[in-house]
Structure formats: structure tokens, C-alpha cells
Amino acid sequence: MKLPSSIKNWISIAGAVLASFNLATILSLVILNTIFSFGGSYIGLFIYIVLPMFMVFGLILIPLGMRINRKKARKAEKDGKQLNWPTIDFNNVGTRNAAIIFLIGTTFLLIISSIGSYEAFHYTESVEFCGKLCHQVMEPEYTTYHGSSHERVACVECHVGSGASWYVKSKLSGLYQVYSVLAKKYPQPIPTPIANLRPAQETCEQCHWPEKFYDRKLKIKHSFLTEEDNTENIIHLQVKTSSKMMSGEIEKGIHQHISPDVKIEYKSADDKRQIIPWVRYTNTKTGVSEIFTDADNMVSEAELDSMEIRTMDCLDCHNRPSHNYNAPQNFIDKSMSEGKISTKLPGIKLIAMLALNQEYPDKDSAFFAIETQVKEWFESGYPDVYTEKTEDINQAIDEIKNGYANNIFPFMKASWKEYPNNIGHMESDGCYRCHNDRHATETGKVISKDCNLCHNILAQGNADSMTYANSFEPLEFVHPAEIDEAWKTELCSLCHAALY
């Protein structure tokens with residue numbers, strides 16, 4: 001088949017080879033990935049993004065080389081005649097063949113490119129792309145996401161809005177993130193994008209909404225004391241997620257905070273919204289408002305005026321819906337209650353806490369330290385147990401390592417300490433940011449700290465001695481450790497957030 005002589009140059013030939021090679025590679029990888037699942041999570045990056053870029057670059061080289069070749073040929077002409085544009089003569093066999101190849105090839109490649117662009121769009125929206133492309137940097141987010149109740153909700157459902165504008169905005173942001181990874185400019189830990197998150201009305205309320213009825217939830221929590229016997233404490237909580245009719249009146253539930261009947265606004269004194277000096281509660285039906293200020297965190301009027309007023313929504317409490325970093329006491333309690341760590345190993349909870357509540361430079365160092373400390377604990381303190389229950393000890397070590405790997409990430413400095421969870425009030429202030437008996441109006445009305453506002457204790461104790469509430473009156477909390485009445489006056493996070 002005759003082709004224009006101008007195509008006989010190394011640039012055009014190199015472009016044709018490059019385009020052909022990448023097209024063949026793309027088709028081969030698509031077949032291998034579709035039929036044999038070859039390549040895993042990363043293969044889409046090459047099929048739909050990297051290889052097409054090289055293919056298009058090769059296609060550009062073909063006419064570029066021809067153009068350069070023509071210019072050289074013109075300069076070599078003896079008569080000095082120079083044409084600004086090439087003569088297209090379809091009576092010429094070479095021109096006709098080149099046009100046919102160009103049209104057919106271009107059409108084919110446009111179709112392939114369209115399909116590739118569509119697949120590239122979906123691939124860049126996938127969880128694997130978000131979590132694995134920058135594996136070391138995004139490991140904390142990717143790991144905790146797979147341990148959350150939203151594991152089947154794609155990252156983009158919350159982080160990226162619908163439509164072309166959001167897509168372009170997210171990709172421009174992504175380009176900077178890629179640069180920051182390559183240039184090692186990323187922060188450690190990565191700050192939660194509180195100010196730039198999409199509104200809860202566009203994310204959370206697509207599945208959950210204020211008018212939806214939620215039954216009250218029964219939560220059974222097992223915890224173990226840091227002592228030789230690993231004494232278990234069990235508590236049955238009825239969490240008041242919904243309102244309830246009580247003798248002709250309504251007992252309001254937790255979700256009253258986002259009810260259409262009320263509007264709660266606040267100002268925070270820090271970027272993480274953990275210190276809240278000012279709250280305004282408005283009854284939307286009557287229009288009556290009340291302002292509560294925190295006596296322990298008083299700020300000047302000028303400072304208050306400079307603070308942004310935020311209307312409370314789902315994310316003010318559910319601030320870790322998909323990336324929750326559990327504190328060591330919580331994931332160890334869970335493993336012990338599920339039998340993954342034997343409660344018959346003396347002091348296993350204590351040594352686990354001692355090993356986990358230390359700073360390690362990397363995961364390998366942490367794993368080595370955990371294994372060494374646990375083995376030394378039993379070898380020196382309980383030699384008989386070390387000999388007789390070696391298998392249980394090794395299983396406990398593996399489970400402690402697993403808990404560490406899923407919740408603490410030394411490279412990115414990510415853990416429960418950097419990302420407080422506002423649901424509850426144990427390891428961080430959470431509810432107590434406002435419900436602390438300190439926020440009060442000028443008339444003395446306070447935002448109460450009463451435990452029974454949010455939950456009732458239906459039963460508590462241990463497996464051998466449980467105390468149960470009657471149908472109408474909840475139990476008063478009994479702290480499993482002897483601290484007298486301190487739990488009534490001090491915030492839980494004062495002790496439970498400490499390294500112990």
C-alpha cells in the first residue's frame with residue numbers, strides 16, 4: 001500500500017510504533033483483566049490512564065514528523081518553491097491510501113478512547129483508586145474505611161458531588177495531592193477536611209434524614225479491667241436515638257438535635273470543633289432563641305464576633321462515620337469479648353495496654369515491641385502459663401498486632417489521639433463539648449450533663465452478678481473501678497483519653 005513519502009522519517013515511524021504498541025498492550029491487558037482477573041487493583045490505572053496517554057502521544061508524533069520532513073524537503077528543492085500547505089490530491093494513490101488509513105484509524109481510536117475515557121472516569125472514582133494509588137499516605141483512611149459500617153459506600157459518594165463541576169474540582173484537587181505525595185509535601189497526619197466537606201444534606205441525608213424514625217437501640221458493651229484476673233464488666237445501654245411518648249408527653253431523643261422543629265447553632269474556638277464556647281438554641285415554631293455560654297471557656301465579645309456561626313448537623317456528632325480510629329482499650333476489649341484473646345491469660349489486658357500506649361517509629365518496630373513485651377510478661381511473671389498456654393499467648397500477640405495495624409499508623413501519625421470521635425464521651429469530650437453543666441443562659445438555664453438524656457442503663461455487672469432495671473426506672477451507673485463519686489463530677493475523657 002502506497003503512502004506519502006513524508007511519512008518516511010524516524011519521528012513518524014517512532015510515533016506509529018509507540019501508538020500501535022500501546023494499543024496492543026491496552027487490548028491485551030483488557031482481555032487478561034476481564035477473563036483472568038490479571039493485575040489486581042492497579043491495572044486500571046495503566047489500562048485507562050497511563051497507556052492511553054502514551055498512545056495519543058504516539059499519534060501526535062506521526063503528523064508532526066511528516067510536517068518536519070516536508071519542511072526539510074522543501075528547503076532542498078532547487079527551484080526554492082515553498083508551499084505553505086501540502087497539496088491534497090485524491091487522484092494520487094498514496095494520498096488516497098493515507099486518507100483512508102487516517103479516517104478509519106482515527107474513527108477506531110476515537111471509539112477506543114471514548115470507552116477508555118468512560119472507564120477512566122469510573123476508575124478514578126473507585127475506592128481502590130482513592131485508597132491504593134498513594135498507598136502509604138492513604139493507608140490509615142483506606143484501612144479504617146474497610147472497618148466501618150459505610151464500607152459499601154464509595155468514597156466519592158461523600159467526598160465528591162455529582163456533575164461535571166464537582167468532577168473537575170476533585171481532579172484538580174487530586175493533581176495537587178499527587179504532587180504533594182511525589183514531593184513529600186503532605187502533612188502527617190492528614191487533617192480532616194472539616195471546612196470543605198460537602199453538606200450533610202447532600203451526603204448523610206441521602207440515606208438518613210431527620211424525619212425518618214429510628215428505634216431506640218440496645219447496645220451491650222463488654223470491658224475488662226487492667227488487673228491480673230481481667231475482670232469483665234458488662235453494661236446494657238438503651239440509646240435514645242428516637243423520641244418516645246411518656247404519659248401524654250414526648251421524651252425527646254438524641255436526633256432531636258437535627259429536628260426540623262429546632263435549630264442549634266454554635267461557635268468553636270478551634271479548627272477541630274472540640275472547644276465550643278457559644279451555643280444558640282432556637283425553637284423554629286415559636287422563634288424563641290436562647291444563648292448558652294461556657295463559663296470555663298469565656299472569650300471576649302470581639303473574639304466571639306470573629307468566629308463563624310455553624311448550624312449543627314449530622315457530622316457534628318457523627319464526625320468519624322467511615323474513618324474511625326479505635327482507642328487500644330476498645331479494640332482489645334472487643335477482641336477479648338469475642339474470644340480472640342483469652343481472658344484466662346493473667347494480666348493480658350494490662351500488658352496489652354502497656355505495649356500499645358507507647359510511641360513507635362514504624363509498624364515493624366511496634367510489632368517487635370508488642371511480641372517482646374507480651375512474651376517477657378508471661379516468661380518472667382507467669383512461667384507456668386508461658387509453658388502451658390503458648391498457643392493462647394501467640395494468638396493474643398497476633399490479635400494485638402492486628403488491632404494496632406488497623407487503628408494506629410505511625411508513619412502518618414494517625415490514631416485516635418489525632419482524630420477524636422464525637423459519638424459518646426469516653427476517649428474525647430464528644431457530647432460533653434456542650435452537655436457539661438457549664439453552658440448556661442443569663443437566667444441560669446444549663447445544657448445538662450445528665451446521663452439519662454441520651455441513654456438508660458438497663459443492666460450492669462458481670463456474667464456472675466448482673467443487676468437489672470425495672471420497666472420504668474433506669475439504673476444508676478456503677479463504675480467498675482473504685483473511684484468513689486468522681487465519675488459524677490469529672491468528664492470520662494479525663495481518664496479514658498490518658499495513656500495508661
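Please treat every number below as a calculation from the coordinates, not as lab data. The structure presented is a predicted model; accordingly, all values stated were derived computationally and were not measured. All Cβ positions, glycine included, derive from the backbone under ideal geometry; neighbour counts span all protein chains shown.
Here is how the numbers come out for the structure above:
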quantity	calculated
Overall dimensions of segment 328-407 as given by Cα atoms, namely Rg and Dmax in Å	11.6, 33
Qualifying aspartates and glutamates (Cα of each under 13 Å from Cα of residue 263; at least 8 residues distant if same chain)	290, 313
Translational diffusion of segment 182-289, µm² s⁻¹ [Kirkwood Rh, Cα pairs; Stokes-Einstein; 25 °C; 0.890 mPa s]	133
Kyte-Doolittle at least 1.0, axis length at least 18 Å by Cα - qualifying DSSP helices, the chain	10-36, 93-124
Burial ordering of 312, 298, fewest other beta-carbon atoms within 10 Å first	298, 312
Cα→Cβ-extended label distance, 7 Å offset, between residue 394 and residue 472, nm	5.9
Built amide H within the under 5 Å cut-off of residue 414, gap 5+	409
Estimated translational D of segment 343-500 in µm²/s (Stokes, Kirkwood radius over Cα pairs; 25 °C; 0.890 mPa s)	129
Neighbourhood net charge (13 Å Cβ-Cβ; Lys/Arg +1, Asp/Glu -1) for residue 427	-1
Greater than 21 Å apart at Cα, pairs in 349/401; 212/334; 132/363; 185/413; 340/375	212/334
Amide hydrogen neighbours beyond the local backbone of residue 455, cut-off 5 Å, H modeled	240
Reach of residue 169 by Cα under 17 Å, taken over aspartates and glutamates that are not fewer than 8 positions away in the same chain	125, 157, 202
Alpha-carbon gyration tensor eigenvalues x 5, square-rooted, for segment 174-221, Å	36, 17, 8
Residue 112 paired with residue 211, simple spin-label distance in nm, labels 7 Å along Cα-to-beta-carbon	5.3
